1. I'd like the full set of residues that are hydrophobic (A, V, I, L, M, F, W, C), under 17 Å from D47 (Cα atoms) and either modelled with pLDDT under 90 or open to solvent by 10 Å² or more (accessible area, probe 1.4 Å) (or both), limited to the range 57-77.
2. Among the residues of the range 45-53, is any surrounded by 15 or more Cβ atoms within 10 Å (Cβ to Cβ), more than 19 Å from the chain's Cα centre (by Cα) and not aromatic (F, W, Y)?
3. Across the range 90-100, what is the number of residues that are of a type in the set (A, V, I, L, M, F, W, C) and open to solvent by 30 Å² or more (accessible area, probe 1.4 Å)?
4. For the range 15-66, what are the residues that are among the polar types (S, T, N, Q) and either over 17 Å from R107 (Cα atoms) or in contact with a Pro (Cβ under 9 Å, 6 or more places away or on another chain) (or both)?
5. If you take the residues in the range 217-232 that are at pLDDT below 85 and surrounded by 12 or more Cβ atoms within 10 Å (Cβ to Cβ), which one is nearest to T134 (Cα to Cα)?
6. Please verify whether F141 is buried (at least 16 other Cβ atoms within 10 Å of the Cβ), in contact with a Pro (Cβ under 6 Å, 6 or more places away or on another chain), at pLDDT 85 or above and at negative phi, treating the condition exactly as stated.
7. Starting from residues that are outside any helix (DSSP H, G or I) and surrounded by 13 or more Cβ atoms within 10 Å (Cβ to Cβ), keep the ones in the range 107-133 and report whichever is modelled with the lowest pLDDT.
8. Within the range 198-216, take every residue that is loosely packed, with under 15 Cβ neighbours inside 10 Å and part of a helix (DSSP H, G or I) and give me the one that is nearest to the chain's Cα centre (by Cα).
Amino acid sequence: MAKIVLIDDEQALLDVLALTFEDAGHGVITAHDGSAGLQLTLEEHPDLVVSDVNMPIRDGFWLCKELRTRGSTVPIILLTARDNEIDEALGLELGADDYVAKPFSTRVLLARVTSLLRRQELRQRRGPKAAPLTLGHLQLFADSLEVYYRGHPVTVTVTEFRLLDAIAGASGAVLSRDRLLAMVRDDNSVVAVRIIDTYVRRIRRKLEAIDPEFDEIETVVGAGYRWRARSR
């Protein structure tokens, strides 16, 4: 059973979603705004956070940014009544793992939750670390979802790890956005492939913070992305 923090200012929707998650066997803690949701998340250490974007006092974007700024890697799914690509990109830029536009099917949302929780289980494993995937200065530990670049730890979300693992693991091969989307998501929901560009931009920014000359993730115009390891 997973512990989920659910945040929404609409009580009716909050009740429906809480019941849906509880019926699926999860424990649910609820809040009505971002500030309360942040406090709950920091105190309860949930397995996943589901938050509305449009809320009074503090919204879902603020919550997402605050959690990532504080070093939290808890998976976050943002909900919004605005099916807008700009909003979607902003949410992902701030560190959200997924994004669902209202109105949505509770079945679809539950599938997204299940998918993220399945990936998050890797973080809970104990015991010696398995040998990492090493490409040049990059190291990826699949058992703990840890990333190191030039010896420095890189904080990533579960979705970012899966994307980086997919690109680096196929070193030299060009992977299309459609292919990458299928590799980082394991449900049948319809999502704009340009989300991949947002994830790649976030990963690049984190690695450039360690090495301003980082350029191992190559954009192949009209085709997708590939990893090109450097010897420097």
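1. First, the residues of the range 57-77 that are hydrophobic (A, V, I, L, M, F, W, C): 57, 61-64, 67, 74, 76-77.
Among the residues that remain, those that are also under 17 Å from D47 (Cα atoms) are: 63-64, 67, 74, 76-77.
The answer is V74, and nothing else.
2. Filtering the range 45-53 for residues surrounded by 15 or more Cβ atoms within 10 Å (Cβ to Cβ) gives 46-53.
Those still in the list that are more than 19 Å from the chain's Cα centre (by Cα) too: none.
No: zero hits.
3. Taking the range 90-100 first, the residues of a type in the set (A, V, I, L, M, F, W, C) are 90, 92, 94, 96, 100.
Now drop any that are not open to solvent by 30 Å² or more (accessible area, probe 1.4 Å), which leaves 90, 94.
Selection size over the range 90-100: 2.
4. Residues satisfying the conditions are T30, S35, Q39, T41, N54.
5. Step one: list which residues in the range 217-232 are at pLDDT below 85, which gives 229-232.
With the extra rule that they be surrounded by 12 or more Cβ atoms within 10 Å (Cβ to Cβ), the set shrinks to 229-230.
Values: A229: 10, R230: 12 Å.
If we take residues in the range 217-232 being at pLDDT below 85 and surrounded by 12 or more Cβ atoms within 10 Å (Cβ to Cβ), then A229 is nearest to T134 (Cα to Cα).
6. Working: buried (at least 16 other Cβ atoms within 10 Å of the Cβ): yes; in contact with a Pro (Cβ under 6 Å, 6 or more places away or on another chain): yes; at pLDDT 85 or above: yes; at negative phi: yes.
For F141, the condition - buried (at least 16 other Cβ atoms within 10 Å of the Cβ), in contact with a Pro (Cβ under 6 Å, 6 or more places away or on another chain), at pLDDT 85 or above and at negative phi - is met.
7. Taking the range 107-133 first, the residues outside any helix (DSSP H, G or I) are 125-133.
After this cut, where a residue has to be surrounded by 13 or more Cβ atoms within 10 Å (Cβ to Cβ) as well, the list is 132-133.
Details: P132: 81, L133: 85.
Of everything passing the filter in the range 107-133, P132 is modelled with the lowest pLDDT.
8. That would be R201.
The values are calculated or read from the model by the stated rules, or taken from the named source; none is laboratory data. Everything numeric in this text was worked out from a predicted model, so none of it was measured. Methodologically, a virtual Cβ is constructed for each residue, glycine included, from the backbone with ideal geometry; neighbour enumeration extends over all protein chains shown. Surface areas here come from the heavy atoms of the whole protein model, side chains and all, with no ligands, DNA or RNA. Shrake-Rupley method; radii C 1.70, N 1.55, O 1.52, S 1.80 Å.
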